[in-house]
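Read the structure below first, then the notes.
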Amino acid sequence: MKRGKKIIISVILTVIGLILLLVLFFRLRYGQGEEYQNISTQAHYDSSQLEHVIAFEEPIGNVAATKDTTQVTRVFFTIHPESRPETNKLMEIIEGKAVPYPNAGFQEKFNTILGVFTDQQHRLWVIDHGNHGFDPVKVVAFDLATNTIVHDYTFPNDVAKKLSFFNDLSVSSDGKYIAVANVSFFGKKPSIAIYNLETGESKNQLENHPSVQHEGYVPVTPAKKMRFFGGVIDLLTGIDGIDFSRDGKYIYYAPMGHSGLFRIPTEIITDFTKTEEEIAAAVERIANKPLSDGIRTDFTGNVYITDIEHQGVYVVTPEGKGFTLIKDQRIRWADGLSMTNGGTFYLADSDIPNQMLQSKKHIAKHAPYHIYKFEGLGYDD
């Protein structure tokens with residue numbers, strides 16, 4: 001009996017030791033975040049300039065808006081995959097109500113879609129991160145005139161690796177290139193994935209470059225500090241927002257947990273013959289920014305950046321000057337941005353604190369979730 005008790009105690013101590021080692025591993029790899037300084041300013045707009053678009057019972061993912069060939073504005077959004085949607089995943093707002101796009105029967109073909117983008121060729125692009133790369137990672141395009149698929153591409157495994165997270169995306173104005181922010185939260189290999197639509201080739205660029213990594217900052221919102229499992233894991237996120245400039249010359253991008261906004265010439269990062277050193281040398285830090293999620297550029301060179309900690313949107317001008325455009329208590333987590341050709345911005349409020357790693361009951365308790373819109377600072381039509 002004594003020998004049996006010793007074996008049981010030994011097994012228990014071994015299990016406890018392994019658990020403590022596992023906790024230490026996750027804390028060292030995914031924890032220990034620091035709080036970021038508040039660089040927000042007095043808001044340029046007042047609350048009346050932020051217009052409510054729709055309330056929805058499930059968490060919003062990203063939003064894409066465009067004026068079609070008849071100048072009618074169409075607005076699409078994804079239901080955030082972190083909320084584990086059970087039926088619909090891609091929606092269009094029609095006459096003030098959200099309906100499945102392109103139809104209800106198509107929804108089962110989607111897996112874990114999040115990023116959406118409308119391009120200048122009147123296509124709606126949707127990216128599916130494939131359960132962080134364990135399933136096929138795909139990008140598809142719908143022709144908005146016919147609401148049918150006109151492009152379907154699966155990223156190869158050496159580009160969309162296991163533990164990747166293909167999140168936000170942007171399409172160049174000429175429709176030749178797609179840039180995807182590969183967050184790779186769990187894989188710890190953030191990058192910018194470039195897909196050349198003309199050649200059918202894709203490649204990870206700037207993998208683990210300092211400009212796509214976080215700096216150890218954990219977001220703190222009015223709802224909570226983004227810390228989980230008793231402080232073991234923090235939301236320390238690298239590259240998230242990404243967008244081509246409207247003239248197509250640059251890709252602007254920003255890691256969520258980083259103090260900087262960056263850009264790189266399109267002709268450099270889309271050239272797959274360039275070396276890693278040549279590409280890295282072309283990266284330019286252009287301004288400080290808040291901890292952010294989505295970004296979008298306008299026709300005059302302004303970059304709009306969501307401020308996830310202070311319920312607003314920040315702007316960096318072409319001269320590198322930064323200021324808060326909007327700050328509103330209605331915004332719980334300023335997520336994705338989209339801009340129509342008419343200069344109107346749409347903002348997805350995903351309320352990440354109340355959906356990430358939360359139960360369905362908790363998510364339902366904090367419904368509804370919202371999309372807002374506001375006018376940009378000006379542009380050349």
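The values are calculated or read from the model by the stated rules, or taken from the named source; none is laboratory data. Quick caveat: nothing in here was measured; it's all calculated off a predicted structure. Every residue, glycine as well, gets a Cβ built from its backbone with ideal geometry; the counts of neighbours run over all protein chains shown. Please note that ligands, DNA and RNA were not included when accessible areas were found on the heavy atoms of the full protein model with its side chains. Shrake-Rupley method; radii C 1.70, N 1.55, O 1.52, S 1.80 Å.
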Apportionment of accessible area to carbon and sulfur, the range 241-364, percent (1.4 Å): 48 percent
Cα point-scatterer Debye curve for the range 232-360, base-10 log of I(q)/I(0) at q = 0.13, 0.16, 0.21 Å⁻¹: -0.56, -0.81, -1.23
Extent along principal axes [Cα atoms of the range 178-226; Å; largest to smallest]: 46, 20, 17
Over the chain, equivalent-ellipsoid semi-axes from the Cα gyration tensor in Å: 34, 24, 23
The chain: calculated mean residue ellipticity at 222 nm from DSSP helix runs of at least 4, using -39500 (n - 2.57): -3500 deg cm²/dmol
Highest-MSF residue in the chain out of Thr324, Thr148, Thr78 [GNM, Cα springs under 10 Å]: Thr148
Most mobile of Asn62, Asn38, Asn182 in a GNM of the chain (Cα contacts under 10 Å): Asn38
Fraction in percent of alpha-carbon pairs per bin - 5 Å, the range 332-381: 4, 20, 22, 16, 12, 9, 8, 5, 2, 0
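Arrange the peptides 126-138, 253-265 so that the one whose residues have, on average, the most other Cβ atoms within 10 Å appears first.
253-265, 126-138
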FRET efficiency estimate (nearest 0.05) - Cβ-Cβ, Ala55 to Lys5, R0 45 angstrom: 0.15
Solvent-accessible surface (1.4 angstrom probe) belonging to Lys360, in square angstrom, nearest 10: 80 Å²
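Grab the other residues whose beta carbon is less than 10 angstrom from that of Ala223, score K and R as +1, D and E as -1, and report the net. The partial results should precede the final answer.
On the way: positive: Lys224, Lys225, Arg332; negative: Asp351.
Spelling it out: positives minus negatives among the neighbours equals +2.
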Rel. contact order, % - alpha carbon contacts under 8 angstrom, at least six apart, the chain: 18 percent
Volume of the Cα convex hull of the range 90-154, divided per residue and given in Å³: 92 Å³
Where labels lie 7 Å past Cα in the beta-carbon direction, separation of Ala223 and Asp46 in nm: 2.9 nm
With all protein chains modelled, accessible area of Thr154 [1.4 Å, Å²]: 70 Å²
nm² value of the averaged projected area, convex hull over the Cα atoms of the range 134-222: 8.0 nm²
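Can you sort Glu201, Glu58, Glu95, Glu207 by 1.4 Å-probe accessible area, starting with the largest?
Glu95, Glu201, Glu207, Glu58
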Most mobile listed residue (Gln213, Gln42, Gln120) in the chain, GNM with C-alpha springs under 10 Å: Gln42
Cut-off 16 Å, label 7 Å out along Cα→Cβ of Glu207, residues of the range 253-285 by amide N: 272-280
Helix 2-30 axis, angle to the chain major axis (alpha carbon atoms, nearest 10°): 20 degrees
Ranked order, Ser164, Ser10 - accessible area, probe 1.4 Å, largest first: Ser10, Ser164
Normalised contact order of the range 21-152, rounded percent, pairs of Cα under 8 Å and 6 or more residues apart: 15 percent
Theoretical gain in end-to-end length, Glu108 to Ala364 [0.36 nm per residue, Cα-Cα removed]: 90.0 nm
Cα pair distances of the range 265-319 binned at 10 Å [whole percent]: 21, 37, 32, 10, 0
